[in-house]
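Chemist: Quick one: this structure, given as structure tokens, is what I'll be asking you about.
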2 protein chains.
Amino acid sequence: MERKIKSELIAGKLAEYEQLTKIYDDIVQDVKPRLTVEGQGKVLLALADEDHLSQSQISSRLEISPQSTGEFVSKLAKRDLVSLSKSEKDRRINLVSLTTKGREEIESSFQEVPKFITVLSNEEMDQFNRLMTKIIAAMYEDIDKANPTLGVKFHKLLANRYLKQYKK
Amino acid sequence: MERKIKSELIAGKLAEYEQLTKIYDDIVQDVKPRLTVEGQGKVLLALADEDHLSQSQISSRLEISPQSTGEFVSKLAKRDLVSLSKSEKDRRINLVSLTTKGREEIESSFQEVPKFITVLSNEEMDQFNRLMTKIIAAMYEDIDKANPTLGVKFHKLLANRYLKQYKK
DNA sequence: ACATTTAATCAGGGGCCCTTGATTATTATT
DNA sequence: AATAATAATCAAGGGCCCCTGATTAAATGT
């Protein structure tokens, strides 16, 4: 089989997997909504990386508007996942900090291991892990090459968190 | 390494991959938005599977409300991806059909092969394909076991489309 | 002291994916 | 013929993720 066909086949599998996880989560697995690199999840991940940030720091790190930042922060505060406090050094600044509940939210979102993974043998798991590692590394490379601005680097930090979680 | 840890590691990789594709698509790859099993994409996939459906057929197949169906169909029509016609057999019925543009939209959404896949060797591609196939099959199994209603079966048909595309 | 900049909020908007309730027109059943 | 069921639309609403423009308060620069 030609190399082009193989890569197309894999692209299809990955796409299929991606859509299936949505259905899987809806129907099979009563999972907590995952943290995503979107909206409120973005802010949570930013704070997981460095707590006690001002809103404008969050805004520039995530490359989203201050108003969007304020909105997401406000929603997170409403859910008691973050707390707000005026900075003593600068009364304009609102410091955003994770609450215990917020920290737990982040930790627990990484704890779900989908059942379907257990269909693999031990050896297959090793293989899969190695291949996924390779793919992910290539993705990071492409991302950095395309746009090495602060925002992207930050995105990289965010995503790296998944990895750190499982190194122990 | 213990089996539990391995599966956790893989869960983490998959989660990381999933979030990274969002960033990858945003930054690296100027891709067409993918068809998803959500909203308008759902309707397109339904029509790809069987064209010329009534809105209420779509509604029941996708297990969404008639009003949502109408909304998505209307949006797709606005984008010239579907055309509407009153059924001659029953004047209540609006038949929804893919336009040429709609068909092209669907086809082209499967054509993008992300560059990062090419980091794998031929052998690795075979391995990865085999492992993904196994995982996806397990997912389908779980999905069917959990809820074998018509809607779910339909979702399965939708997702199967990715596979069919690459069998040739 | 005044002008400029910065941080956050308010006002308002858009898009997308969903929902419930009500209405109108058409078809099927009694 | 009258009633009940069906198909689609209209009205209205909500949530989430985003945005631009304007305003207010605090800090910094001249």
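The values are calculated or read from the model by the stated rules, or taken from the named source; none is laboratory data. These numbers come from a predicted model, not from an experiment. Positions of Cβ are generated from backbone atoms using ideal geometry, with glycine treated the same way; all protein chains shown enter the neighbour counts. Please note that ligands, DNA and RNA were not included when accessible areas were found on the heavy atoms of the full protein model with its side chains. Shrake-Rupley method; radii C 1.70, N 1.55, O 1.52, S 1.80 Å.
Chemist: Hey, could you check the range A:84-108 for residues that are surrounded by 15 or more Cβ atoms within 10 Å (Cβ to Cβ) and under 18 Å from A:Gly41 (Cβ atoms) and say which is nearest to DNA strand C (Cβ to nearest atom)?
Modeler: Step one: filter the range A:84-108 for residues surrounded by 15 or more Cβ atoms within 10 Å (Cβ to Cβ), giving A:93-96, A:98-99, A:102-103, A:105-106.
Filter once more, keeping what is under 18 Å from A:Gly41 (Cβ atoms): A:96, A:98-99, A:102-103, A:105-106.
Working: A:Val96: 8, A:Leu98: 16, A:Thr99: 17, A:Gly102: 17, A:Arg103: 21, A:Glu105: 21, A:Ile106: 21 Å.
Going through the qualifying residues, I end up with A:Val96.
Chemist: Now for a different question. Do we find that A:Lys168 is under 13 Å from the mean Cα position of the chain (by Cα), open to solvent by 10 Å² or more (accessible area, probe 1.4 Å) and modelled with pLDDT under 65 in this structure? I'd like the intermediate steps shown before the answer.
Modeler: Working: under 13 Å from the mean Cα position of the chain (by Cα): no; open to solvent by 10 Å² or more (accessible area, probe 1.4 Å): yes; modelled with pLDDT under 65: yes.
It is false that A:Lys168 is under 13 Å from the mean Cα position of the chain (by Cα), open to solvent by 10 Å² or more (accessible area, probe 1.4 Å) and modelled with pLDDT under 65.
Chemist: For residues that are more than 14 Å from chain A (Cβ to nearest Cβ) and of a type in the set (Asp, Glu), scanning just the range B:77-123, find the one that is nearest to DNA strand D (Cβ to nearest atom). Before the answer, list the steps.
Modeler: Taking the range B:77-123 first, the residues more than 14 Å from chain A (Cβ to nearest Cβ) are B:77-105.
Next cut, of a type in the set (Asp, Glu) only: B:80, B:88, B:90, B:104-105.
On the way: B:Asp80: 16, B:Glu88: 13, B:Asp90: 6, B:Glu104: 24, B:Glu105: 21 Å.
Top of the filtered list is B:Asp90.
Chemist: Within the range B:36-59, identify whether any single residue is among the β-branched types (Val, Ile, Thr), within 7 Å of chain A (Cβ to nearest Cβ) and within 15 Å of DNA strand D (Cβ to nearest atom), and answer yes or no.
Modeler: Narrowing the range B:36-59 to residues among the β-branched types (Val, Ile, Thr): B:36-37, B:43, B:58.
Next, only the ones that are within 7 Å of chain A (Cβ to nearest Cβ) stay: B:36-37.
Checking the rest, the ones that are also within 15 Å of DNA strand D (Cβ to nearest atom) come to B:36.
Scanning the range B:36-59 turns up at least one residue that is among the β-branched types (Val, Ile, Thr), within 7 Å of chain A (Cβ to nearest Cβ) and within 15 Å of DNA strand D (Cβ to nearest atom).
Chemist: Taking the options A:Thr99, A:Thr133, name whichever one is of a type in the set (Val, Ile, Thr) and within 17 Å of B:Ile10 (Cα to Cα). Spell out how you get there, then give the answer.
Modeler: Values: A:Thr99 fails: within 17 Å of B:Ile10 (Cα to Cα).
Answer to the check: A:Thr133.
Chemist: Of the residues A:Ile5, A:Ile10, which is assigned to a helix (DSSP H, G or I), surrounded by fewer than 19 Cβ atoms within 10 Å (Cβ to Cβ) and over 15 Å from the mean Cα position of the chain (by Cα)?
Modeler: Numbers: A:Ile10 fails: surrounded by fewer than 19 Cβ atoms within 10 Å (Cβ to Cβ).
Checking each option against the conditions leaves just A:Ile5.
Chemist: Which residue out of B:Glu71, B:Glu63 is more than 7 Å from DNA strand C (Cβ to nearest atom) and farther than 22 Å from B:Lys22 by Cα?
Modeler: Working: B:Glu71 fails: more than 7 Å from DNA strand C (Cβ to nearest atom).
Sole residue among the options that is more than 7 Å from DNA strand C (Cβ to nearest atom) and farther than 22 Å from B:Lys22 by Cα: B:Glu63.
Chemist: How many residues, within the range B:24-54, are over 30 Å from B:Gln67 (Cβ atoms) and open to solvent by 10 Å² or more (accessible area, probe 1.4 Å)? Give the steps one after another, and end with the answer.
Modeler: Here is the first cut: in the range B:24-54, the ones over 30 Å from B:Gln67 (Cβ atoms) are B:24-31.
Now drop any that are not open to solvent by 10 Å² or more (accessible area, probe 1.4 Å), which leaves B:25-31.
Here the count works out to 7.
Chemist: Can you tell me which residue within the range A:32-60, out of those that are in contact with a Ser or Thr (Cβ under 8 Å, 6 or more places away or on another chain) and closer than 20 Å to A:Asn147 by Cβ, is farthest from DNA strand C (Cβ to nearest atom)?
Modeler: The extreme case among them is A:Lys42.
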